[in-house]
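To start, the structure itself, in structure tokens.
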Amino acid sequence: MLSKKLITVLAIIVFAILTVPRLFLDYGLDDDAYRSLIAADKIIQTGIYSPSRLPGNPLFEYMLSVLIKWDGCVLINTVILVSFLLSILAFYVLIREHADRYILTILFSFTPILLVNAATAMDYIPGLSTMLLSYVFLIRSQCVVAGILLALSVGFRLSNCLFFLPCILFLFLNKRSTTQILQFGLFSISGSMFIYLPIFLKYGFKALIIPKTYLTGSLYLLKTGYNAIALFGLIGTITLIIVISINLNKIRLCFFDFIKTKSPTFAVEIFTIILFILLFIIHSDTTSYLIPIIPFAYLFISRWASNVYLIFILTIVFSYSFISIEMKGGESGKRSLCFKPSHGIILQDYEFRKYFQHLRNNIANINPSNKAVIMIGDLEPNITYKNLNITPVEKSALGIKTASIIDADIIFKVIGKNVFLVNLLEKEGVEKLRQDGWDIFMFPINVRSTCLNIYNYDPYKLGVKNLF
């Protein structure tokens, strides 16, 4: 008993070390975090909700509009962390009858990608916590509460509506009354529709269109595979494949047993995993889209894996926080396959957030030339959001066709310098600026890849240089 208490205390200390310091390092690396903050600012300024990107994350951005009034990132990141603690509590409730509940709870709590997002101003963790809480109340036959919580989860992230189908299957397999099924359906569907009503009134069903990817064929498959492996890391993924292979007979028995018993919880686990994987295959922009499968994958694994295997999985998965194998070689736009040791994703998150914090604070000290334009790509909101070292100016300030400047209503100028920051430039924009005597620079992250794959030009060949 003493050893469990000691392990619990150590786990809490390690958990705090891995999360609390990052609460103070801005809002995270995801550029969508800053777009959500901009949407929240617009709510405060105008009283009208304008989604950061379609289909929007209305509940999350409304929440940000309340929290952001206190300014700074600490409160927002802390609320996200609290929502992660709620998801841990919900997960524990789901497995509290399991003999291995202690190991499973630690495994869930220390899954690196969850820890990364637990201190980031994104909607993934609030959406996950309300989804798991919805499932908890569904199991307890409190269908109204479960429906409301699922509606909140969908309000945080629309893709969470997929969980509605496993929930309905659960109710049918559990032979719940028609009234309970209708209660859950009514409150989850009507609640979700109410939250998204302003968006649908303005954009219609266009809001539901999944954004097109600029990668096709083998390139898209490679990207999807890379992002899928990044969920647990290369070593973690290989470990899971090996453990599954060794336990194939036990896994088969689980499915045969389901055919006989029609276990509602087993159906929820498998159906949820399948649905979110299918969505990820269609739209695999970021690994975090796979977050909803994590608790259900662990619930499934607990059905056939022994304590020894669970501890082994926990050790390997948790190590991904500190060390990983990087498979991307080369540079943006010209990648090659490689296998080299790298820092794990918690360390990377901390290091890159410190780096971008330094970059934001020192952008005014960057002096690439007397007359420079810097393409910063998707990182534009990360660098420009409430940055006192730069000021917004009209696109026309550069003297080129405004259509040549991509994905920004305005551009930014470093205060006191003839240095401009833009998202991206079309090829003709780069050529015109170079003719007019401007030096063009770019951040070495993603910009070249986007220019090559979407806008069909190599910035290097036009004289664009890396800023660093």
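None of the figures in this text is laboratory data; all of them are computed from the coordinates on show. If you're wondering where the values come from, they're calculated on a predicted model, not measured in any experiment. Cβ coordinates were reconstructed from backbone atoms using ideal geometry, including for glycine residues, and neighbour counts include every protein chain displayed.
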Mind checking which lysines have their Cα closer than 26 Å to the Cα of Lys260? Skip sequence neighbours fewer than 8 apart in that chain. Lys175, Lys250
Subtracting the Cα-Cα distance of Ile238 and Leu221 from 0.36 nm times their residue separation yields 4.3 nm
Length gained if Phe194 through Ile17 is fully extended, taking 0.36 nm per residue and subtracting the Cα-Cα distance, is 59.8 nm
Could you state the principal axis extents of the C-alpha atoms in the chain, from the largest down, to the nearest angstrom? 75, 50, 45
Only bridges whose two residues both fall in the chain count here: according to DSSP, what percent of them are antiparallel, nearest 5? 60 percent
Classified through the alpha carbon gyration tensor (a ≥ b ≥ c as square roots of its eigenvalues; rounded if a/c is under 1.5, else prolate when a/b is larger than b/c, else oblate), the range 196-302 comes out oblate
Give me the distance between the Cα centres of the range 391-456 and the range 237-278, rounded to whole Å. 50 Å
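Please report the orientation-averaged projected area of the range 370-466, defined via the convex hull of its C-alpha atoms, in nm².
Values: hull surface 22.2 nm².
Mean projected area of the Cα convex hull: 5.6 nm².
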Take the range 148-195, compute every pairwise Cα distance, and split them into 5 Å bins from 0; I just need the percent in each bin. 5, 24, 31, 22, 12, 5, 0
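Given Cα pairs under 8 Å that are at least 6 residues apart, what percent is the relative contact order of the chain?
On the way: 656 pairs, mean separation 64.9, N = 468.
Here the relative contact order equals 14 percent.
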Output ordering of 295-307, 452-464 (per-residue mean of other Cβ within 10 Å, highest first) is 295-307, 452-464
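Let me check against my output: what whole-number percent is the relative contact order of the range 109-180, with C-alpha pairs under 8 Å and at least 6 apart? Kindly include the intermediate steps, with their values, before the conclusion.
Values: 56 pairs, mean separation 19.4, N = 72.
For the range 109-180, the relative contact order is 27 percent.
Which of the pairs Lys328/Lys413; Lys371/Lys395; Lys212/Lys328 have their Cα atoms more than 25 Å apart in this structure? If you can, show how the numbers build up before the last one.
Values: Lys328/Lys413 33 Å; Lys371/Lys395 16 Å; Lys212/Lys328 23 Å.
The answer is Lys328/Lys413.
Counting each DSSP H run of 4 or more residues in the chain as -39500 (n - 2.57), what helix-only mean residue ellipticity at 222 nm follows after dividing by all residues, to the nearest 500 deg cm²/dmol?
Values: 20 runs with 268 residues, N = 468.
Helix-only estimate at 222 nm: -18500 deg cm²/dmol.
Given Cα pairs under 8 Å that are at least 6 residues apart, what percent is the relative contact order of the range 1-151?
Values: 151 pairs, mean separation 37.3, N = 151.
Computed over the range 1-151, the figure is 25 percent.
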